[in-house]
1. Test of understanding: among E123, E99, which residue is charged (D, E, K, R), exposed (fewer than 10 other Cβ atoms within 10 Å of the Cβ) and in a helix (DSSP H, G or I)?
2. Between a residue in segment 13-34 that is without any contact (Cβ under 8 Å) to a residue 60 or more places away in the chain and any residue that is of a type in the set (D, E, K, R), which pairs come within a Cβ distance under 8 Å, given they are 6 or more apart or on different chains?
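Laboratory data are not the source of any read-out in this text; all were calculated from the coordinates shown. Model, not experiment: these values are computed from the prediction. When we count neighbours, we look across all protein chains shown, and the Cβ atoms used for this are built from the backbone with ideal geometry, even at glycine.
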Amino acid sequence: MLRTKKTARDLMEEIRQITEEYEKLAKEQKERILSLREENHDLAARLKQAEAQKAAVAAALIRAEWSSLQIVDDAKNRANRILSDAQKKELSAKQRVCEHNVLLGELAVQCERILKGIERELEKSKGKLPFELLSQKDA
């Protein structure tokens, strides 16, 4: 194996090339690190924004659920009030019908008495003229 002697100049040139390659590599690595830091920062900001949106959506869903429960509760209460009012009106109507039936029964009895009284008077006055009946009634 033959070894060639390198001159100081060759060694300096080799060192310079190695140094340039090292500096180039270091610069590329530094740029890559800066690029990754920037990307990491952007991703962290996007993550934070996504988490804020998630929290907003969750809060909106909770409000919507609460609102729907409130609407259902209000509807139940209104339905119960309507049903209660209807039952009161029904009871009142039934009571009025009963009262009217009683009054109609009393009127029927009175009408029957009046009719019987008229029939008795007509039986008594058989053969008399209608004018005579009127004059007798005035007397």
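1. Just one listed residue meets the conditions, E123.
2. Qualifying pairs under 8 Å: E14/K6.
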